[in-house]
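*Asks:* Dropping a structure here in structure tokens format, bear with me for questions.
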Amino acid sequence: MHKLYSNPHLFFVEHMQNILAIEGIETQIKNKFLGGASGDVPVFETWPELWLVNPEQLAKATSVIKKSENETGDDWFCPVCKESNAGSFEICWHCQTVKPDTSP
């Protein structure tokens with residue numbers, strides 16, 4: 001197995017696991033409950049880690065992670081309620097209108 005990703009917050013590790021699962025990439029999370037040992041063991045060793053199950057998917061998994069980490073986009077304004085939304089939002093946080101497609 002190959003370690004793909006690590007973060008001090010389990011939420012982000014689980015989010016990355018979900019993104020990879022959508023692409024058909026199987027992973028396992030290690031150190032899920034080791035955070036309580038911080039102080040007794042080095043802190044970086046207690047971070048949750050995402051490990052790849054199938055080594056043949058390493059290139060694809062690395063590519064998906066890299067793309068996901070860089071995917072924020074520009075902020076946008078909702079065409080319905082005119083509320084400002086972060087570029088990473090696919091729907092308006094205020095009125096739940098789907099982000100308009102701005103691709104050429």
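*Asks:* Please go through segment 1-23 and pick out each residue that is hydroxyl-bearing (S, T, Y) and either in a helix (DSSP H, G or I) or out of contact with any helix residue (DSSP H, G or I) (no Cβ under 6 Å at 6 or more places or on another chain) (or both). Step through it out loud before you land on a result.
*Replies:* Initial filter on segment 1-23 (hydroxyl-bearing (S, T, Y)): 5-6.
Across segment 1-23, the qualifying residue is only S6.
*Asks:* Please give the number of the condition E49 fails out of (1) surrounded by 14 or more Cβ atoms within 10 Å (Cβ to Cβ); (2) acidic (D, E); (3) modelled with pLDDT under 80.
*Replies:* That leaves (3) as the condition not met.
*Asks:* Another one. Under 6 Å between Cβ atoms, at least 6 apart or on separate chains: pull out the pairs that start in segment 46-70 with a residue that is without any contact (Cβ under 8 Å) to a residue 24 or more places away in the chain and end on any residue that is among the small types (G, A, S).
*Replies:* T46/G35; T46/A37; T46/S38
*Asks:* Any idea how many residues of segment 23-46 are of a type in the set (A, V, I, L, M), more than 15 Å from H9 (Cβ to Cβ) and at pLDDT 80 or above?
*Replies:* Within segment 23-46, residues that are of a type in the set (A, V, I, L, M), more than 15 Å from H9 (Cβ to Cβ) and at pLDDT 80 or above number 1.
The values are calculated or read from the model by the stated rules, or taken from the named source; none is laboratory data. Everything quoted here is computed from the prediction, not taken from an experiment. So basically every Cβ, Gly included, is an ideal-geometry build from the backbone, and we count neighbours across all protein chains shown.
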